[in-house]
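The values are calculated or read from the model by the stated rules, or taken from the named source; none is laboratory data. Nothing here was measured: the structure is a model prediction, and the numbers come from that model. Neighbour counts run over all protein chains shown; Cβ positions are idealised from the backbone, glycine included.
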Amino acid sequence: MAMKVVLLMLSLSGPVLAAEPEFAIQLHEHRFTPSEVKVPAGVKVKLVIDNQDATPEEFDSFALNREKIVFANSKAIVFIGPLKPGRYEFIGEFNRQTANGAVLAE
Amino acid sequence: MFGAALIVFRESLEAALVIGIVAAATRPIARRARWIALGAAAGVAGAVGVAAVAQSISMMAGGAGQELFTATVLALAVAMLAWHNIWMASHGREMAARARDVGRAVVRGDAALTAIVTAIALTVLREGSETVLFLIGIASSPGTTRAALGIGSLLGLAAGGAAGWLLYAGLLRVPVSRLFVVTGWLILLLAAGMAGQFARVLIQADVLPALASPLWDTSSLMPDDSALGTLLHALLGYQAQPSATQVLFYFAALVSIFIAMRRAQSHAAA
C-alpha cells in the first residue's frame, strides 16, 4: 500500500515538475543532428528524439543506460541524468554505422 | 549482415536462456516440451501483435507508454518466475525423488507449468517485439541488402537458440539431486535482473528517480557489449553503469523471493 502511494506520488510529480531542460535531436537518413548534444551536468534532462526516417530506430546508450524505440516519422522522449560532466555516446542500434552521436554534459 | 546477426542474437539470447533454464527446471513434469513450445509460440505471436500496435502504445501516457508497457511485462514475468520458484521450493524434493527413477516418472505440476509458460511467453514477447520492429526496417531496404540482412537475422536467431540449448544441455549434466537447486538459483537471478530492468525503464520514463547514477562503473573492466557482459546481462542482469534504484530493485526482488522460497520449503518439510 505504502509502495503504491509512493509510486502514485512519483508518477504525479513527473508532469507537475516538468521543468527539465529539453534538447531536440533529429534523425534523418540514419544520422543524428546534432551529433553532439551539449547538456548541463548535474540536472535531469529531457531528450526529444525526432525520427524523420521511414523506418523505426532504437535509441541506445550503454553510457546513459537508456534504450528506446523511436518509430518512423515520430518523436520519442527519453529522460537522462543528472549526469556527471563527461561524454556519453549513443547509437541508433538498427543503423549503427551512421547513426551515432554523444551527449556532452558540462 | 553481421550487424543484423548481432542485433537479433542479442535480442534472442535472453529469451533463449530463459527457455533453456526453464526446460531443465521442469524436467520431470509431464508434457513440458509441448507447454514450453506453446509459451514460446504465444510469445512470438504476441511480439508480432505488440509490434503492430507499438506505435500507439508508445504515444500513450504522454510518450511514456513504451516504458509503462515494458515495465508491466517485466513485472508480470518476475511474478511468474517467483511463483514457479516458490512452488518448486515446496514440491522440489518430491520432484527430485521421482526424477531419479529414470526418465518415465513424471509429476503433475500444473501450477508450475502455468507460471513458466507465461514467463516464457512474456520474455519472448518483450525481446521479440523489438526484433520484429528491426525486421520491419530491414523489409523496406533495397533487395540485395534485404537478403543479406535477412540471412544475418536468421544466423543471429540460430546463435541465440544455440546458446539456450547449450545451457540446457549443460544443466542436464547436473545430478538430479542438485538440478533444482541450481535452476532455482538461476531463475531467482533472472527474476532479480528483470526487476532491475523494471526500474531502469521507469527511470527512463521519469516515473522513478535514478538516485545515484551510476552507482558504479565497470565499463572499462567489463563493457556491456563485450561477450561476457552480454551473457551476464542476460543471465544475471549485469550492467556496467547501473543506477542505485536499479540495484535496489534487483536486491529487493532477490531477497524477497528467496525468503518466500525458504518459507515454502519449511512449510513443506513440516
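Can B:Ala71 be described as within 11 Å of chain A (Cβ to nearest Cβ) and either at pLDDT 95 or above or closer than 20 Å to B:Arg34 by Cα (or both)? Yes; evaluated as a whole, the condition is true for this residue. When region A:50-67 is filtered for residues that are farther than 25 Å from B:Gly150 by Cβ and within 8 Å of chain B (Cβ to nearest Cβ), the ones remaining, listed by number, are A:Phe62, A:Ala63, A:Asn65, A:Arg66.
Taking the listed residues B:His233, B:His267, the one that is within 26 Å of B:Pro28 (Cβ to Cβ) and of a type outside the set (A, V, I, L, M) is B:His267, with no other qualifying. Looking at region B:168-180, is at least one residue more than 24 Å from B:Arg34 (Cβ to Cβ), part of a helix (DSSP H, G or I) and free of Cβ contacts under 8 Å to residues at least 24 places away in the same chain? Within region B:168-180, one or more residues are more than 24 Å from B:Arg34 (Cβ to Cβ), part of a helix (DSSP H, G or I) and free of Cβ contacts under 8 Å to residues at least 24 places away in the same chain.
Among the conditions (1) out of contact with any Asp or Glu (no Cβ under 7 Å at 6 or more places or on another chain); (2) more than 10 Å from chain A (Cβ to nearest Cβ); (3) at pLDDT below 95, the only one that B:Ala234 does not satisfy is (1).
Table: residues versus (1) aromatic (Phe, Trp, Tyr); (2) within 14 Å of another protein chain (Cβ to nearest Cβ); (3) under 30 Å from A:Phe94 (Cβ atoms).
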| site | (1), (2), (3) |
| --- | --- |
| B:Ile116 | no, no, no |
| B:Val124 | no, no, yes |
| B:Gly128 | no, yes, yes |
| B:Ile138 | no, yes, yes |
| B:Leu149 | no, yes, yes |
| B:Leu172 | no, no, no |
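Please work out which residue is farthest from A:Pro21 (Cα to Cα), limiting yourself to region A:38-49 and to residues that are within 12 Å of another protein chain (Cβ to nearest Cβ), assigned to a strand (DSSP E or B) and of a type outside the set (Lys, Arg). Looking at the filtered set, the residue picked out is A:Ile49. The single condition from (1) within 11 Å of chain A (Cβ to nearest Cβ); (2) farther than 14 Å from B:Leu13 by Cα that B:Leu248 fails is (1).
For region A:50-99, a residue qualifies if it is within 20 Å of B:Pro223 (Cβ to Cβ), in contact with a strand residue (DSSP E or B) (Cβ under 9 Å, 6 or more places away or on another chain) and surrounded by fewer than 17 Cβ atoms within 10 Å (Cβ to Cβ), and the qualifying residues are A:Lys84, A:Gly86, A:Arg87, A:Glu89, A:Arg96. Please state which of the following conditions B:Ser226 fails to meet, knowing it meets all the rest: (1) at pLDDT 95 or above; (2) more than 8 Å from chain A (Cβ to nearest Cβ). It fails just one condition, (1). For region B:205-230, filtering for residues that are surrounded by fewer than 20 Cβ atoms within 10 Å (Cβ to Cβ) and either touching a helix residue (DSSP H, G or I) at 6+ places or on another chain (Cβ under 6 Å) or on the phi > 0 side of the Ramachandran plot (or both) leaves 5. Can you spot a residue in region B:5-22 that is touching a helix residue (DSSP H, G or I) at 6+ places or on another chain (Cβ under 9 Å), surrounded by 23 or more Cβ atoms within 10 Å (Cβ to Cβ) and not in a helix (DSSP H, G or I)? No, every residue in region B:5-22 fails to be touching a helix residue (DSSP H, G or I) at 6+ places or on another chain (Cβ under 9 Å), surrounded by 23 or more Cβ atoms within 10 Å (Cβ to Cβ) and not in a helix (DSSP H, G or I).
Could you tell me whether B:Leu179 is within 12 Å of chain A (Cβ to nearest Cβ), modelled with pLDDT under 95 and either under 17 Å from B:Gly20 (Cα atoms) or surrounded by fewer than 20 Cβ atoms within 10 Å (Cβ to Cβ) (or both)? So B:Leu179 fails the test. For region B:195-208, a residue qualifies if it is of a type outside the set (Gly, Ala, Ser) and more than 7 Å from chain A (Cβ to nearest Cβ), and the qualifying residues are B:Gln197, B:Phe198, B:Val201, B:Leu202, B:Ile203. Remark: pairs (first residue in region A:90-106, within 8 Å of chain B (Cβ to nearest Cβ) and modelled with pLDDT of 95 or more; second residue crowded, with 20+ Cβ neighbours inside 10 Å and in a loop (DSSP other than H, G, I, E, B); Cβ separation under 7 Å; 6+ apart in sequence or on different chains) are absent. The strands (runs of 3 or more DSSP E) falling completely within region A:54-106 that include 2 or more residues that are touching a helix residue (DSSP H, G or I) at 6+ places or on another chain (Cβ under 9 Å) map to A:57-61, A:66-70, A:74-80.
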